[in-house]
């Protein structure tokens, strides 16, 4: 390979050096901003991961609570304006009988 030399005027060489230094400054700023972005992205991913695990725990707790809560009744109005009660969920008749017997025993104890 052969070297090629180009003669520049003093003004041209100064302006080209300024342009080169400006380009270096811009590149360094870009690198600095990229590093900030990577750090922020890592923090964001860690927070999202922690949030996901907390949500899974919360959903599991809600399901466990839902299983332990008693059956509920939903009151709805029909088109005629009558109130009708609907039982939500499955009610076991054995459970109702047990509760009924327990209430009867308590009444007898009070009498």
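How far, in nm, would the chain grow between residue 41 and residue 102 when pulled straight, counting 0.36 nm per residue and subtracting the alpha carbon separation? The partial results should precede the final answer.
Working: separation 61, 0.36 × 61 = 21.96 nm, distance 6.01 nm.
Length difference between fully extended and current span is 16.0 nm.
Over the Cα atoms of region 10-69, each weighted equally, I'd like the Debye log10 I(q)/I(0) at q = 0.12, 0.15, 0.19 Å⁻¹, rounded to two decimals.
The calculated log intensity ratios at q = 0.12, 0.15, 0.19 Å⁻¹ are -0.58, -0.68, -0.79.
Go ahead and run the numbers for FRET between residue 2 and residue 29, Cβ-Cβ distance against an R0 of 41 Å, rounding to 0.05. Before the final figure, lay out the partial values.
Details: r = 37 Å, r/R0 = 0.90.
FRET efficiency, residue 2 to residue 29: 0.65.
Computed from the coordinates by the stated procedures, all read-outs in this text should not be read as laboratory data. All of these numbers come straight from a predicted model, not from anything done at the bench. All Cβ positions, even for glycine, are placed from backbone atoms using ideal geometry, and neighbour counts span all protein chains on display.
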